[in-house]
Each structure stands twice: as C-alpha cells, then as structure tokens.
Number of protein chains: 4
Amino acid sequence: MKSSTAKTPDTSRRSERSRTAILQASMELVGEVGYNKLTIEAIASRAGVGKQTIYRWWPSKAAVLLDAFTATVDSDEYANGIPDSGDLEADLKAVLRATVDEFTDPSFEAPYRALAIAGAADAELAAQFAERLTGPGFAVYERRLRAAQEAGQVDPDLDLSLATELLLGPFQQRWMTYYRPLTYEFVDDLVDMALRAFAPR
Amino acid sequence: MKSSTAKTPDTSRRSERSRTAILQASMELVGEVGYNKLTIEAIASRAGVGKQTIYRWWPSKAAVLLDAFTATVDSDEYANGIPDSGDLEADLKAVLRATVDEFTDPSFEAPYRALAIAGAADAELAAQFAERLTGPGFAVYERRLRAAQEAGQVDPDLDLSLATELLLGPFQQRWMTYYRPLTYEFVDDLVDMALRAFAPR
Amino acid sequence: MKSSTAKTPDTSRRSERSRTAILQASMELVGEVGYNKLTIEAIASRAGVGKQTIYRWWPSKAAVLLDAFTATVDSDEYANGIPDSGDLEADLKAVLRATVDEFTDPSFEAPYRALAIAGAADAELAAQFAERLTGPGFAVYERRLRAAQEAGQVDPDLDLSLATELLLGPFQQRWMTYYRPLTYEFVDDLVDMALRAFAPR
Amino acid sequence: MKSSTAKTPDTSRRSERSRTAILQASMELVGEVGYNKLTIEAIASRAGVGKQTIYRWWPSKAAVLLDAFTATVDSDEYANGIPDSGDLEADLKAVLRATVDEFTDPSFEAPYRALAIAGAADAELAAQFAERLTGPGFAVYERRLRAAQEAGQVDPDLDLSLATELLLGPFQQRWMTYYRPLTYEFVDDLVDMALRAFAPR
DNA sequence: GTTTAAGCGAGACGGTACGTCTAGTCTTACG
DNA sequence: CGTAAGACTAGACGTACCGTCTCGCTTAAAC
C-alpha cells in the first residue's frame, strides 16, 4: 500500500489569511456570476492564492462555498431561535415573513440556492448541507412548536419533526422549483393551514 | 438584427430517426453517468449523430433531457388521475406510496432529479418543467381533493391549490434534499397530518 | 482493444491557416524567450489557436519547433550544395565562414540550438533532427568532397563520410558546448588541418 | 539593492551530511529518471533534506548535478593522463576505446549527458562544465600529443589544441547528437585519419 | 427525373476550465 | 542560524467539452 500518510495536510500550518481570502472571494464571485460560472481558477485569482491551496483544503467548489456561506451565517442565525410571544400563529408568520425577505435578497439567495443545487446533485454534500444549515434551521421551528405543545396550544401527540416538514416543505418547494412566488400572503396562508393540522383534537 | 430566416430550421425535413436516437441516448446516459457528467458529445456519439444536430434543435442539454423524459412519461401518467374509491385517505396514501416507489427507482429518479436540478438553476427551464411535469402532477391531486370537497369530506373553503402544496411540498423537500428517506410510513403520516388541516371545521 | 482508429485526425481537413500561424508563432517566441521558456500555451495564444490544435498535430513542443524551423530552411539551404570552383580549400573555407555567420545570427542560432538540445535529450527527436537537418547538411559536404576525390585532389580511398565528420565535428563541438568562439580563423585552420588528413598519400 | 549580507549563507555552519546526501541523491535519481524528470523536490525528498537547503547552496539543479558528478570523477580520471608507450596511434586508440566504453555505460552517460545538455542551454554553466570536465579532459590529450611532438612523431608546427579538437570533436558530435553509434571501429578510423593530419610534412 | 438546398454525420476549430505538477519562496519549530 | 518539513503563489501541463464552423453525403421538395 502507498501509505495512509501523504494524504492530509498539516492543519496547524494552514494560512488563515488564504483561507479567509478564499471564502470571501467565493461569496463575492457567486453573487457576481452565479454558481455554474463560478470557477476555482477565478476564486484563486480573486483571492490572490494558488489553485493548489484550494485543492489542498477542499474537495470541490461546492465544499468551498458551503464553508464560505456557513461562515457568514453561523454566528447569529440560530442562536436566539424563534421568539415566543405566546401567540404561535403570530410568531410563525413573523419568522416566515422574515424568511421570505431573506430568500428574496439575492446576496443571500444566490449562494444558498447554489448550495441547495449542489446538494441535490450530491448526496454526500447534501448531508453536510443538512447538518450545517437545514438541520439547525428546522430545529428552531421544532423548539418553538415544543413550547407551544407544552403550553397546550398544539396537539400533545403531534410529531413535531413532521410538523416542521409540513410547514417548511411547501415553502422550500416553491422556492427551489420557482413553482410560485414567495409572498407574505403565501406564508400566512400556509401557517393558517398548518396550524389546523397541529391543533389539539 | 439578423434576418428572420436564419433562425429556425425547417421542421419538415427533420430526421425522426435522429431525434429518437438522441432522446434515447440521453435517457440511457443520464442513468449511467448522472446529469453532471452527461455531455452533449457523449449523447451525439451514442446516438450516432453529429453534435450540430443536437444544437440545431435544442438550446441546452437540459432541454434535450426534458423532451427525452417527457416522451417516456407523457402517455400514461396523468390520464386517469387518482382513483376515487370514496375514501380520500386511502386513495392519497395509495398514490403517494406508488410515488415513493417511483422515486426509489433509479431509472425514473435519475433523469427526473437531473431535470429538477437543472430547473432549480434556470428559472426559464423551471417554467417548462412546471408546465409539463409538476403542474399536471399537482393537478391530479387537486382534482381528487375537489371531488372530496364536493362530497363534503374536506372543508368547503379549503384552498385546494395550497392544500396540494401542503401535501406534496414535504415530499418534494425530502426527496430533493435527501433530508430524510422516502418511506411508506412517512407518506402515511403526512397524509394523516394533512387531512387534519383539510377537515371541515 | 480500444481500436486503431480514433488516433489520427483527418489530415485533409486540417487548417492550413492554423498550421502556418503555429509555426510562425513558434519561431517568433523561441527567439524572444528561448526554448526553455517557450510554452505551448504561449504558442497557442500568439497563434490565435486553441491548445488542442497543437496537441492534435504535434507530439511535443520540440516537434513543433522542428517543423517550424525546417519550414524556414527547407527551400533554399541544401538545394545548390557547395560551389565547386575547383579549389577545394577555398570552397570549404568559404562555406564554413558562411556557416560561422549563420551560427552567429541569433535568429538562426536560437531555434537551431533549441532543437539540438531537445535532440540531445531525446534520441527519437534526434533521429528526425538528423534526418531533416544534420543529414542533408553533411551530405552537401560529402558531395563536394566526392567531386574533389574524382578530381584527384583527395585520397581516392578516403572515407568521405568520416571525413565530413572530421571537418564538422570540431565545429559542432565548439558551437554546442561554447567551448571556444566560432571564428573565421578557426574554420580556416580547421580546413587546413583536415585537408592534410584528406590529401592523397 | 539588497544588503550584501542576505546573499551568501555562512559556509562554516553548513551541514556536510546534507551536502553529501544531496549529491548522492542527485546521482541516483538522474540515473533512474533522467535529467528532464529530475526534480529538486525529488532530490530533497530522497536526501531527507528540505528544499530550501538545496536552494540555499546551489543556483540550479544543473549546478547540483555538476557538483555531484565532479565529486565522483575528480579524483582519478585526469591524474595519470594518457599512457605513453611510445606508439601514439596505439595509445590514442586505447584511450578512445576506453572512452567509448565509458560513454556506453549508462551510469556515467546519463549524468554526463544531462550536464552537457544543461551546458548547451546555459553558457555560464557551460563555462564551469568546460573548466571542470571538458578542459582537463582535452588537456590530457594535448599533453600526450606534445610528447609525440617532442619525439618527432607529429608535425613540430602542429597546433596541439586544434589537433585535440579535431580528434575529439567528431567523437563528441556523434555522442551528443546520436548521429551514429560510438564504436571501436569508429575511433580507430578517427585516429587513423587524424594522425595523417598531424604527421610531419 | 432532375435539380437544389436543407439536414445530416463527422470532426477540426478557438476557447475555457479542469485538476495535477513543479518551481522557487516563505513560515514554523527544532537543535 | 542552519535545518527538515511543508504550505504558499504562480503558472504550464495535457485533457475534456463547449458551442461554432466547415466538409461531403444523403434526401426530400420544387422544378
């Protein structure tokens, strides 16, 4: 056998400056040219970095972008969770309306869609995408629903995980397939309909 | 502007033999190598056709594949609609279980996913995809729900279009993002939960 | 087996325009940057040609340069041979002095040296180099010596081939290794000494 | 200009162990893979040495190889000179036949050719090569010819330096350009022909 | 029936980006 | 400070496809 060494580079010597420049260049470029026309060469050039430095640390341009995107989001997004005013309907509508806004802002939408597409084409990447972005996103809804459940506002036997899918699936489907526009009205109606499914019997 | 002649080739002289060979080769190849590694050159070569013959009639490889896929589906799929046994729950579960099977069969899944991905990356294609595949698919659910509505089994004020999204969105989301496995149990639970949202008040 | 086809491109469809542009660009660039810094990419770029067009028709940059150089020389150089004034010594000195001039002109010397070096490193290329450049060059000397032999000016048993090597070897050695400068005096002395070896006994 | 310090490292602290390992690795590798595929990285790796240690002490891989090769030759080769049996022809044929053997042995030929090629491409290196290898080699022939001259066996006015070039030039030319094979017959004939040029008038 | 012009298979073309390789420099930790 | 190790910027390598562009050949429509 060749050997198990020679594979992984020494993380402790990694250039933080290069890493940062690459992630930033990726985010800039994906916004400028879109994912399909995003090239490793362009990232390297924009970042002032050798191509090899990218290939050394990431297996694909999707992986670069996932890191880049995660870096810009990680901090804030999932920390606080959904506010709990006691009014579930209002809270869900508020957060979903905010999400509509987010998915309407190209600087967020472009890289996120790029990643979603890359994930759809590559199950392994999809797993990472789910773990680092979708998963935490769903979790905050689940948490809010649990609070509502404990407050007796939704059915005590409700499967919260599936409930979250019921709520977010239609949203994600519209967005991903351009099936219909993402509007406040849509999410309001969606919440109304979903809450009827969640209601205590 | 260019003259209006140069644009559209003469459809009447088109070689049916070539057209068929191209569609068939596309379907074969997308199954063998996946969408990303599917190349026009390979399609042309497999079909025994010049590259130009493809470029003459289709604007992109996605368009080729859409035609190819549509050709294999068109006939049967949407003709009959969802059977109406009078038991909405049973009917929906039956058809969704069948859909699970379909989306688990690689020879169907591979090209369909390819198209979904291509659509996610290109709104124009997405429109065609919606019109020719998603739309008719959703319509059959809507029709069945309407029958149920007329039979008084679901709320008379229910927005049938949104209801269909509530039912199929979670399914599509799981499938597209590999979020979780598509199982009979999942669709059964999904139907159960959705029907509570649809129920007359 | 893969097949014996697919290898050789169709010569009849070759673009003469591209071929010419490539050869010319090669000659220009080798003069500007030298052989070691001559790159296929630069040739392609200068010639306004895709890299593949070079790789399609030549196996290496040395082969390109050999063609390029041969094309500039072929026509004239070896056609006439060495003039025969009846005075062997004068004729040899004249042609060798002319050769000194040639090897002192960088526009000739640079590509020729490049090829000689490439040949020294690759026996296969050396064979082509010998066949197309060195060989014909040696042959004209041999012919002139043969005339002298028939005129009784050199030993009738002289091995003309070896005699040519005796005459040109020291020249080539000086040039190739920068051992000492190539001057008129050197070639004059060389002819004088060699002729003593050629003289009838 | 940079300060004058930065240039030359402190020789007294140089690691002899590293120097030796580098030279040895160079000789091994040039025999194994040839000059063109000889890389600094491979030398460093084989020698168990950092690349910088090579770059610190040598300006190019050719310079490394020149040192490496010289180290293996220096001692013996030129010490004794050509034996003088009194029979010039026999002595020259003997030593040239031995040289044929040497240039037929790949373990000698490979690095020597590598250096010759590097020299042909770089006049500065060529000067070093001439001074340390070619020059001394030619000198031993000159010395033997001088002895013959003093013994009245060759023309007293013979230019011994040029005579040496006449003798070795054809040999070098054959070898360097693969023009024709290096055989005993060739060198015998070469000596015969050259001696006629050297003979007293 | 012949003519003629389009579509056709084939594949060379100018390009772009790929992922790999090596050069030569720079950084870190050690002795 | 020299060293071993190895990450870094830079850029050429040879390959794979892109979409366009001839080439002759075949073939259906218009004469």
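The values are calculated or read from the model by the stated rules, or taken from the named source; none is laboratory data. Everything quoted here is computed from the prediction, not taken from an experiment. Ideal geometry is used to build each Cβ from the backbone, glycine not excepted, and the neighbour counts take in all protein chains shown. For the accessible areas, the whole protein counts, side chains as well, though only heavy atoms, and no ligand, DNA or RNA atoms are used. Shrake-Rupley method; radii C 1.70, N 1.55, O 1.52, S 1.80 Å.
Here is the list for the stretch D:9-51: trypsin sites (Lys or Arg not before Pro) lying in DSSP coil, each with at most 15 other C-beta atoms within 10 angstrom of its C-beta, are D:R14, D:K37. Rolling a 1.4 Å probe over the heavy atoms of the protein chains gives chain D an accessible area of 50 Å² per residue. When the charge dipole of chain D is built from unit charges on Cβ atoms (+1 for Lys and Arg, -1 for Asp and Glu) and taken about the Cα centre, the candidate among D:P170, D:G50, D:T104 whose Cα reaches farthest toward its positive end is D:G50.
Here the dipole of chain D is about 1300 debye; that uses its Cα centre as origin and unit charges on the Cβ of Lys and Arg (positive) and Asp and Glu (negative). Overall, the protein assembly as shown carries a charge dipole of about 480 debye about its Cα centre when +1 sits on the Cβ of Lys and Arg and -1 on the Cβ of Asp and Glu, all other atoms neutral. Could you please report the charge total around D:I43, scoring K, R as +1 and D, E as -1 over all other residues with beta-carbon less than 10 angstrom from its beta-carbon? Once all neighbours under 10 Å are counted, the net charge is +1. Computed with every protein chain present, the accessible area of D:T177 is close to 20 Å² [probe 1.4 Å].
Evaluated with a Cβ-only charge set (Lys, Arg +1; Asp, Glu -1), the stretch B:13-68 carries a dipole of roughly 260 debye about its Cα centre, given to the nearest 20.
Using only the C-alpha atoms, the convex hull of the stretch A:87-201 corresponds to 99 Å³ per residue.
Summing charges over neighbours of D:A121, with a neighbour being any other residue whose Cβ is under 13 Å away from its Cβ, gives +1 when K and R count +1 and D and E count -1.
Across the identical copies, the 7 Å label point of B:I40, projected outward along Cα→Cβ, sits 2.4, 2.4, 4.4 nm from its counterparts, in ascending order. For the protein assembly as shown, taking the reciprocal of the average inverse distance between every pair of different Cα atoms yields a Kirkwood hydrodynamic radius of 34.4 Å. Compared with its chain on its own, the stretch A:161-175 contains the following residues whose accessible area drops by 40 Å² or more in the full protein assembly (probe 1.4 Å; ligands, DNA and RNA excluded): A:L162, A:E165, A:L166, A:P170, A:Q172, A:Q173. Computed from the alpha carbon positions, the gyration tensor of the stretch A:51-118 leads to an equivalent ellipsoid with semi-axes of 32, 13, 8 Å, biggest first. With contacts taken as Cα pairs under 8 Å at a separation of at least 6 residues, chain A carries a relative contact order of 20 percent. In this assembly, the D-C interface accounts for approximately 3400 Å² of buried accessible surface in total, computed with a 1.4 Å probe and without ligands, DNA or RNA.
Subtracting the Cα-Cα distance of A:A98 and A:S15 from 0.36 nm times their residue separation leaves 26.2 nm of extension gain. Of all alpha-carbon pairs in chain D, indicate the percentage at a distance above 23 angstrom. When every Cα pair of chain D is considered, 53 percent fall beyond 23 Å.
Separation of the alpha carbons by more than 31 angstrom is noted, of C:K93/D:K37; B:K37/C:K51; A:K37/B:K51; C:K37/D:K93, for C:K93/D:K37; C:K37/D:K93. Could you tally the net charge around D:L160, taking each other residue with its Cβ under 13 Å from the Cβ of D:L160, Lys/Arg +1 and Asp/Glu -1? It works out to a net charge of -4.
Carbon-plus-sulfur accessible fraction, the stretch C:136-201 (probe radius 1.4 Å, protein heavy atoms only): 52%.
For the stretch A:14-60, the Kirkwood estimate of the hydrodynamic radius, built from every pair of different alpha carbons, is 10.5 Å.
The GNM of chain C, with springs linking C-alpha atoms under 10 angstrom apart, assigns the highest mean-square fluctuation among C:D91, C:D101, C:D122 to C:D122.
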